[in-house]
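Quick notes on the structure that follows.
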Amino acid sequence: MDSTALQRQNRRLSRLKEQGVTRSTVLVHNECKPAFEGLRGHLIDPSKAEALTMLVQQIQSIQSPTNVSQVKQLSPFRYPGGKTWLVPEIRRWLLNSKSKPSAFVEPFAGGAMASLTAAAESLAHKVVMTELDDDVAAVWETLISGSDADVNWLNNKILNFEVCLDSVRKILDGNPKSFKTQAFRTIIKNRMQRGGIMAPGAGLVKAGEDGKGLLSRWYPETLVKRINIIRSVRDRISFNQGDAFETIKLFANDPSAFFFVDPPYTAGGKKAGSRLYTHNAIDHEHLFSTMSKVLGSVMLTYDDAPEVRTLAEKYGFRVEAVPMKNTHHEVIRELLILKP
């Protein structure tokens, strides 16, 4: 291209920029190129923005299973009921809001994957986490409200811990006197017990991955990296140990609050929640009734059970079955229950 032609092109690009049109590089598969060419003229017309947004949402609604191994991990916990697979859905739910939510409320925090995503990506003005379990709460108290010295101590304990049966049992049998020592014991328990199960009576990992035994889920550098990321966004997070329903009440009258509710799965006689978690007793009908009355947006997640679908219909919620691939690459479905 000669200098005259280049100058003309630059002037044209400058005029387009003044009109709000910028040049972007787009990667297009050969199979999709005809469709893209058909859209090209619409992409410079601002009046088509709403229609294009709706088109994108329709494409996104054609769901394919979320592979949990491909979603960025932020939580230091490994939970049998962790919500790594749901991160793309939660992100989309928040981003589709007309304005940034005033609060992202997670009353059954557990591993808090949803809250950590909302905080790390600044998807809400503030993130509110509640957890009843003493051991799990000790981790969040340390990481969010603890001093830099406490977190440095915890990081060093993780990095320098020598994994063997005797050292693990010594930590698990100990009687911690502070949040930071209880947090360290909780992380050891979560990583060393089978499946990350936190309830009393859970056994230790035996063979583990590739026959590595107790070492199979122990990644100290990764854990410390996640802890440091959480510390970097702690100013966006409020954590309190307590009852989930009390936290829900605090934000029930805020129409711009978003509630992500992931209770123990014990509805319909399900045993997973009672087997996995120390605090698993919950009145599910009361939960549905409570969430139906809040003014803000609501997303609940449950196992697919007839009793859950009945409660959702009774209290006017919309139900979506979401496919996911678990760590064994099996496609299973869970329910997303949303307030219309």
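The values are calculated or read from the model by the stated rules, or taken from the named source; none is laboratory data. Everything quoted here is computed from the prediction, not taken from an experiment. Methodologically, a virtual Cβ is constructed for each residue, glycine included, from the backbone with ideal geometry; neighbour enumeration extends over all protein chains shown.
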Legend entry - Residues located in region 94-129, provided they are of a type in the set (Val, Ile, Thr) and under 16 Å from Arg234 (Cβ atoms): Thr117, Val127, Val128
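Report, by residue number, each residue of region 81-99 that is buried (at least 17 other Cβ atoms within 10 Å of the Cβ) and at pLDDT below 90.
Scanning region 81-99 gives Gly81, Gly82, Lys83, Thr84, Trp85, Leu86, Val87, Glu89.
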Legend entry - Given (1) surrounded by fewer than 15 Cβ atoms within 10 Å (Cβ to Cβ); (2) modelled with pLDDT of 95 or more, number of the condition Val151 does not satisfy: (1)
Inset, instruction - Please work out if Asp283 is at pLDDT below 95, more than 17 Å from Gly110 (Cα to Cα) and either out of contact with any helix residue (DSSP H, G or I) (no Cβ under 6 Å at 6 or more places or on another chain) or buried (at least 17 other Cβ atoms within 10 Å of the Cβ) (or both). - result: yes
Inset, instruction - Report yes if Ser69 is buried (at least 22 other Cβ atoms within 10 Å of the Cβ) and either at pLDDT below 95 or within 12 Å of the chain's Cα centre (by Cα) (or both), otherwise no. - result: no
Legend entry - One residue from Leu123, Leu143 being within 19 Å of the chain's Cα centre (by Cα) and closer than 25 Å to Lys249 by Cα: Leu123
Legend entry - Residue list for region 135-151, restricted to those being among the aliphatic types (A, V, I, L, M), closer than 13 Å to Ala109 by Cα and out of contact with any strand residue (DSSP E or B) (no Cβ under 7 Å at 6 or more places or on another chain): Val136, Ala138, Val139
Inset, instruction - Take region 210-224 and flag every residue that is loosely packed, with under 14 Cβ neighbours inside 10 Å and assigned to a helix (DSSP H, G or I). - result: Asp210, Gly211, Glu221, Thr222
Legend entry - Whichever residue in region 297-337 is of a type in the set (Gly, Ala, Ser) and modelled with pLDDT of 95 or more and, among such residues, is nearest to Lys83 (Cα to Cα): Ser297
Legend entry - Unique residue being modelled with pLDDT of 75 or more and closer than 24 Å to Asn96 by Cβ when the list is Gly20, Gly41: Gly20
Inset, instruction - Answer yes or no as to whether Val294 is at pLDDT 95 or above and among the β-branched types (Val, Ile, Thr). - result: yes
